[in-house]
Amino acid sequence: SNAAYTYSWNTISSGLSHTVAVRNDGRLCVWGSNVYGQLGQGNTIGAYSSPVQIGTSSWTSVSSGGGMFAIRSDSTLWAWGYNANGQLGDSTITSKSSPVQTIAGGNNWKQIDCGKGISSGSLVAIKEMGDDF
């Protein structure tokens, strides 16, 4: 049997040709196309037809478009994948094949969402009230 079907999933989001999901145990898993490094495996090689884990951190929520965005269990905001318009928020226009913390930094991030088109994969993120960027 396929081990992917034995996981319990907490949240899931799909991009143009890839998917990202958080398991109930906090592991972040991805699958699909990896042309811009959106699978966070440190490369831009091919595609994955089964879920693969990103690192060992614990995550709480995800959103996927041209870029991938996720909140870790410590409430920090991370991004990776397509970045030609600077949408990853890391002060560059270089796509990232591994998660990088956004320049807004800090913690207390509670909710994220992003556009689904490759050029419109911009991020909207919400922090707790009273927390500065």
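A few remarks follow.
- Close amide H contacts of Ser61 (hydrogens built in the peptide plane, cut-off under 5 Å, sequence separation of 5 or more or a different chain): Ile71.
- In Hz, Karplus ³J(HN,Hα) per residue of region 83-92 (6.51, -1.76, 1.60; θ = phi - 60°; x = Gly, Pro): 9, 4, 10, x, 5, 7, x, 10, 6, 9
- 3J(HN,Hα) along region 54-64, derived from phi through the Karplus expression 6.51 cos²θ - 1.76 cosθ + 1.60 where θ = phi - 60°, amounts to 9, x, 10, 5, 9, 10, 10, 8, 9, 8, 10 Hz, with x in place of Gly and Pro.
Quick note: the coordinates plus some simple rules give every number you see, no bench work behind them. Owing to the predicted nature of the structure, the values given are computational and were not obtained by experimental measurement.
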